[in-house]
Amino acid sequence: MATASEVHHTALTLTDHLPILQILIPFCTAPLIVFIGSKSLAWPMAFISSLLSLIIATTLLISVSDGSYISYKLGGWVPPVGIEYRVDATNAFILFLIAATATVVLPFALKSVNHEVPKRNHTLFYACFMLCITGLMGVVITGDAFNVFVFLEISSLSTYVLVSQGSHRDKRALTAAYNYLIMGTIGATFFVIGIGFLYMTTGTLNMADMADRLRGQGDNRTVQAAFAFIVVGMGLKAAMYPLHLWLPAAYKFAPSAVTTLLAATATKVAIYVIIRFMFTVFQPDYVFNTNILTWIIGPLAIFAMFAASLIAVFQTNFKRMLAYSSIAQIGYMMLGVAMFSTTGLTATLVHMFNHGITKAALFMGVGALMLRIGTTFYDRISGMGRAMPLTGAAIVIGGLSLIGVPGTAGFISKWMLVQAAFEQHLWWLALIIVASSLLAVIYVWRLVEVLYLQKPNSDVTLKEAPMLIVAPMWVAAIACLYFGLDTRFILDAAATAAEGLMAGSAGMAEFSTATSIAATDH
Amino acid sequence: MELSTLIFASMLLPTLAMFTNLIFAKQSNLRDSITFAAALATFAVVVCIALKVGNVTSPKHVLFEVFPNVPIAFNVEPLGLLFGLVASGLWIVTHVYAIGYMRGNNESHHARFFGCFSGAIAAALGIAWSSNMFTLFLYYEILTISTYPLVVHKGTPEAIRGARTYLGILLGTSIALQLTAVIWTYAATNTLDFELGGILRDSTLSPTLVPVLLALYAFGIGKAALMPFHRWLPAAMVAPTPVSALLHAVAVVKAGVFTMLKVGIYIFGIDFLAETGSSEWLMWIAAYTIVASSVIAMQQDNLKKRLAYSTVSQLSYITLGMALATQMGALGGGLHIATHAMGKITLFMCAGAIYVATHKTEISQMTGLGRTMPITFMAFGVGALSIIGLPPLGGSWSKWYLMIGAADAHQQIMIAVLMISSLLNVAYLMPIIGRGFYRDDATNPYSGVREAPVFCWLPPAATAFGCLVLFFFAGRIIDFLMPITGIVP
């Protein structure tokens, strides 16, 4: 019930309503695009809407970067009765990643989608695109467990549609989308079962409230089952090894713009949900006592790092190679979680961002090659580095960041991860991390040789991609370099977020202090 | 001018040259003149730095912080200054030589070649001025990547294979081992700054792990070509000769041993190494590399391959100097950076001149060539004698100091190793000259003197003269380097 003071607080200033506007703007743009139904207006509306989202996300990120949080009560209903949107350092960070990716990908999509998706589907395509972003941001911003599921379904359903749009070029996109639909639905179902169990035990759906009531329920079988269902369900959505089977085909057959958006954001959002539930709802201590990190998540992450990288080495298609590399990189992120320390979590969060921009640059490179050649098989794109110098150079920069060469964003995350390993005196783990990145050297360099050292195919149009494709690609490529050197923004935001997470639900209510980190840091 | 301005100018000039090469790709004369001017200016700037700073360690210029307490920062200290002078000074000579070689040999892609070349020099200077291990590592990797296009230049299957080995070993060792070592150091000390006397003494690192950390560094610095990670150097010989000359006799390999010395002197500290005895095993590996690669060099018929294995052997002199953990050893190692660079660049440029003039690569084909190309072969002879270490040439002094260093460390076997190595040097270098001058070949199609173009023989003649000059200036260099030993003169 809204008390007088709260009514006063939710007075009509625009800044107070930023959390809901973050969701409402793309959410309302989607039906608007369909109702107006103009093919030429669809793109501008989507772009303006994502630009507004980016501005809001940036404002939110700045206002919570000191470790505070913003709680927004939907309709003025106080949680746990009403739905609460809660923005803290962790999710403001992810919101920013999603909004920024959308804003960079859309200019790229203009040409790329024209080429890959039939004209008659454009309005629906951009509507789905906006819905997908709405869903992803909703999952991240909400403080309500059931609301996570709702937004998850919004984003998933629109993603299935977006993936299937690749069918104009290759009919296999339909089976890929169908596979993804089945797997994604199983994941979402598992997740909602988990939420159901939690609701059964606690009688609440608000995350903070849930966290409070779960305290001391560690031995409760229902809670344990809920934990298992949630981790497995979201693991499926996150393509956590060995639940990754939907990913390569979905990435490969989806239109390039969709692949870029998915690779940069969708799996990261699922990882965010895992982290949020593990650390905020279930509490770090509970997760630690289940031993799941040490015995299941950790080993699987290491296995993913090697197995998926090895598969990537033997791919003969650029797009598919990137898909397997994504699975390996998700392994790095999960390893950071499994290390269960502030530095480890920082590494995960930093890598979510850095890998996002890296993969965005690379997949836009794929899109440029797609536009000119129509496929990304190595024997068809050979020698294209010389014909398309700007695309080639951007792909090389992205590739270097994927390896983790110093001066690139990928290096920063690798450094944090290795440092986290050393902090816990796991020197063997440090060696494993760097050894696995050698596999990245192999698969990236194989691509570089194909692009630069092999004879070009004579029957392809040897022209650089249009500026609308090259410019967004270079924005991402320059971001890869910039965030490899200037780490202030990214490391501070991630460290603040990680500290908050390691402090458990205490970190949610009020910001943690250095002492509470020391207490949970193993 | 401010010192920081000079430091940045020295790195900026070659970087600008890299871009002008790409912009003026078609106007070859303009492009090469601009690069030449940039090379002169870069050297002038480095000389200015030398005159301004002398042999003291300048304060740090911090650009910005990347990790807590780990900034991108630069400063000038004697060892880096020596490396900077060598790299930028020899760039001028090599650039002149490269113009002659690339045109005389009708090589393609000049703009890319000279562009990457300039980029590599910028990276080498970045390494020279780095004031912490992080900055050094950053430039170390930039150097690897900017030289890859140079190694793969010819684009032949052989070049691609060679470049793969090159990149694989250099990137592999640096990411897998050196990066681990750097982060471990940071985790143990919470700093990566280069400090005289080392930073590990007061760290949390347990004494038993010090040799392990040293091993990660020693093998991780793949550019120092310590066996068994030396294969990239012979593999990189597929590159055009100017690349082999500057990058694989001077900038890249010297960046490796320079890093090795920096790690020994400023991360571990010579005294710390001596007290803990952590570097004793490294001494043996270095000694093995010295002898083994000399033996391999003897069996190579390809001139550049032979020189490559000779480089592998000579680089380990410097690693040995660090591993001896004595002041004289470190000084000898530092001096060897300069003397070996001067000697080996002469040899490589001569090999290239022979190739340009006659297209011969195998030593067995060079019978009687000395009479055809007397200047080239005389320069080769001087360079060879300097590498062997005979007075009155520069190489004799560095070997002398290394031997004193070995004696200080009571390692008589190491003195023997250095002597055996000299004999082996004689055995694989002198026959080339003997074959050139003293054996006649009836099938030699050339009669009379027929040198390579002037741009190809003048630079090696100049560096051969440089070997002679170094003999008389070695004392100055030793005085100059004295502060790195911690002795206040």
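Key figures
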{"quantity": "Peptide-level mean, for B:170-181, of C-beta atoms on other protein chains within 10 Å", "calculated": "5"}
{"quantity": "If the convex hull is drawn through the Cα atoms of the range B:3-485, its volume per residue in Å³", "calculated": "123"}
{"quantity": "Relative contact order (%) - the range A:291-485, alpha-carbon pairs under 8 angstrom, separation at least six", "calculated": "29"}
{"quantity": "Relative contact order (percent, whole number), chain A, Cα cutoff 8 Å, 6+ residue spacing", "calculated": "16"}
{"quantity": "Aspartates and glutamates whose Cα lies under 17 Å from that of B:K60, excluding same-chain neighbours fewer than 8 positions away", "calculated": "B:E2, B:E77, B:D193, B:E195"}
{"quantity": "Stokes-Einstein D for the range A:291-485, Kirkwood Rh over Cα pairs, 37 °C, 0.692 mPa s (µm²/s)", "calculated": "195"}
{"quantity": "Likely footprinting exposure, A:E153, A:E116, fewest C-beta neighbours within 10 Å first", "calculated": "A:E153, A:E116"}
{"quantity": "Which of A:T204, A:T260, B:T326 has the fewest Cβ neighbours within 10 Å, and the rest in rising order", "calculated": "A:T204, B:T326, A:T260"}
{"quantity": "Protection proxy ranking of A:302-314, B:195-207, B:45-57 - average other beta-carbon atoms within 10 Å, highest first", "calculated": "A:302-314, B:45-57, B:195-207"}
{"quantity": "Burial ranking of peptide ranges B:168-175, A:271-278 (average Cβ count within 10 Å, highest at the top)", "calculated": "A:271-278, B:168-175"}
{"quantity": "Packing-based exposure ordering (other Cβ within 10 Å, fewest first) of A:H168, B:H61", "calculated": "A:H168, B:H61"}
{"quantity": "The protein assembly as shown - share of DSSP beta bridges that are antiparallel (%, nearest 5)", "calculated": "100"}
{"quantity": "Residue-averaged [θ]222 nm for chain B, counting only DSSP H segments that reach four residues, each worth -39500 (n - 2.57)", "calculated": "-23500 deg cm²/dmol"}
{"quantity": "Calculated on alpha-carbon atoms, Rg and Dmax of the range B:1-97 in Å", "calculated": "15.2, 47"}
{"quantity": "Per-residue [θ]222 nm for chain A (sum of -39500 (n - 2.57) over DSSP H runs n ≥ 4, rounded to 500)", "calculated": "-24500 deg cm²/dmol"}
{"quantity": "Set of lysines with alpha-carbon distance to A:K359 below 24 Å, sequence-local pairs under 8 removed", "calculated": "A:K111, A:K237, A:K252, A:K268, A:K319, A:K414, A:K463"}
{"quantity": "The protein assembly as shown - Debye-derived log10 I(q)/I(0), Cα point model, q = 0.08 Å⁻¹", "calculated": "-0.81"}
{"quantity": "Peptides B:298-308, B:475-485, B:359-369 ordered by average Cβ neighbours within 10 Å, highest first", "calculated": "B:298-308, B:475-485, B:359-369"}
{"quantity": "Positive-end extreme of charge dipole, the protein assembly as shown - chosen from B:W397, A:L124, A:P406 (charges on Cβ)", "calculated": "A:L124"}
{"quantity": "Violating pairs (Cα-Cα greater than 25 angstrom) within the set B:K26/B:K154; B:K254/B:K360; B:K154/B:K344", "calculated": "B:K254/B:K360"}
{"quantity": "Number of partner chain Cβ atoms within 10 Å, mean per residue of A:466-479", "calculated": "0"}
{"quantity": "Over chain B, relative contact order from alpha-carbon pairs under 8 Å, at least 6 apart, %", "calculated": "15"}
{"quantity": "Scaled radius of gyration (Cα, divided by 2.2 N^0.38 Å) that chain A gives", "calculated": "0.92"}
{"quantity": "Helical segments meeting 18 Å axial Cα length and Kyte-Doolittle 1.6 threshold in chain A (DSSP H)", "calculated": "A:18-36, A:39-64, A:122-141, A:298-313, A:389-403, A:427-453, A:467-485"}
{"quantity": "10 Å Cβ neighbours from other chains, averaged over peptide B:150-162", "calculated": "1"}
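Each value in this text was obtained by applying a stated rule to the coordinates, not by laboratory testing. Computed from a prediction, not measured in an experiment: that's the story for all the values here. We place every Cβ from the backbone using ideal geometry, glycine too, and count neighbours over all the protein chains shown.
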